[in-house]
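Take a look at the structure below.
The values are calculated or read from the model by the stated rules, or taken from the named source; none is laboratory data. A quick note: this is a predicted structure, and the numbers were derived from the prediction, not measured. We place every Cβ from the backbone using ideal geometry, glycine too, and count neighbours over all the protein chains shown.
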Amino acid sequence: MILTHRACRSVWWALSVFLAAGLLLAGCATAPVQPAGPTADEVNQRLAALEDCIARSQQTVDAALAAGASRDDMAPSSTAVAQARDALAAARQLLQEGKNQEAMDRATQALENCNKIEAMALQARDASLARQRQARLRAQAEARIAQVTADIEAARQAIHAAEVAGATAQELAPARSALANAEAALQQARDLLAQGDPERALERLSLAASDARTARDMANEAGVAAAARAKPTRYTVVRGDTLWGISASEPIYANPFMWPLIYKANRDQIRDPDLIYPKQVFAIPRDYSQEEANTAIHRARTRGPWRLGDGPDYYILEGVRR
């Protein structure tokens, strides 16, 4: 009897332990631990980071516009900044509604997108400024082409004029070579511009302009030399001649005010510039400088009152008034 009672008590004890363990296991299975969501402070930190990113991005866009980038080129970046602001406002509203996790998700995604805006804005700025620079260079090159074309035509005309004046092929060879270089450089510039390289086109145009000017100057020098050879270096006076009239004639100087050059060169024959005689043979200077010609013209213009037979004109010779 005693054994039976003890056995029953052992069974009940074991059963109690089993039931307690079952209840414990059941409670663990039905009530898992839920992870905690972000706190309001954590969400606010993310929102503050997003707000800072938006401010930096807007500054980058504004700086690009101030640097000259076009609004059309910067439009995608401006739109991205506006979208980031909308996302910031939406995340704040979710936080106010107690939807911390949704607010955090919205702010995180917006921050990821915002971090890309600065790089996008800088790239758009650089591309915009590069296009504008190319457009300016193209306009400059097109205007320069027109000018160089005119310079080359002027060189061609100078070479032709020198030929008419009697310049030889040998004398004009350097001018023709410079002209050929100018024409080649001009064509290269046009090709480079067609290929979208206005900067190098401008470099070639500078060379073309220089060569064209060189060709023109060389041709002019050859023409002057040829013309000097073709013009008389001596003149025989006929009845009615004056130094003024001789100087004015086309074969001599074609300028009446240059007569002091003849007077000065023939002082051994001319006692008075107002008195010359038929059959006198005067030397006609051809190697005078431009400064000498200008001085002669000035003194002839400002000679002042005179009377026939006044005698030697020292003002003309020495630049001193009588």
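One table, with the values for the structure above:
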| quantity | calculated |
| --- | --- |
| Residues satisfying the stated conditions in segment 231-241, i.e. within 59 Å of the chain's Cα centre (by Cα) and polar (S, T, N, Q) | THR233 |
| Complete set of residues in segment 245-270 that are within 18 Å of ARG299 (Cα to Cα) and surrounded by fewer than 15 Cβ atoms within 10 Å (Cβ to Cβ) | GLY245, ALA254, ARG267 |
| Residue match in segment 76-83 (condition: without any contact (Cβ under 8 Å) to a residue 12 or more places away in the chain, under 49 Å from the mean Cα position of the chain (by Cα) and either under 30 Å from ARG131 (Cβ atoms) or crowded, with 19+ Cβ neighbours inside 10 Å (or both)) | yes |
| Exclusive hit being among the acidic types (Asp, Glu), surrounded by 14 or more Cβ atoms within 10 Å (Cβ to Cβ) and assigned to a helix (DSSP H, G or I), set GLU112, GLU183 | GLU183 |
| Near pairs, Cβ below 7 angstrom, 6+ apart or cross-chain, from segment 151-171 (in the same structural domain as GLU221 (by TED's automatic domain parsing)) to any residue that is not in a helix (DSSP H, G or I) | none |
| Among the candidates ARG144, ARG136, residue that is surrounded by fewer than 16 Cβ atoms within 10 Å (Cβ to Cβ) and charged (D, E, K, R) | ARG136 |
| Enumeration of residues in segment 211-220 that are under 12 Å from GLN147 (Cα atoms) and of a type in the set (S, T, N, Q) | none |
| Qualifying residue in segment 77-84 (condition: at pLDDT below 95 and more than 14 Å from ILE117 (Cα to Cα)) | no |
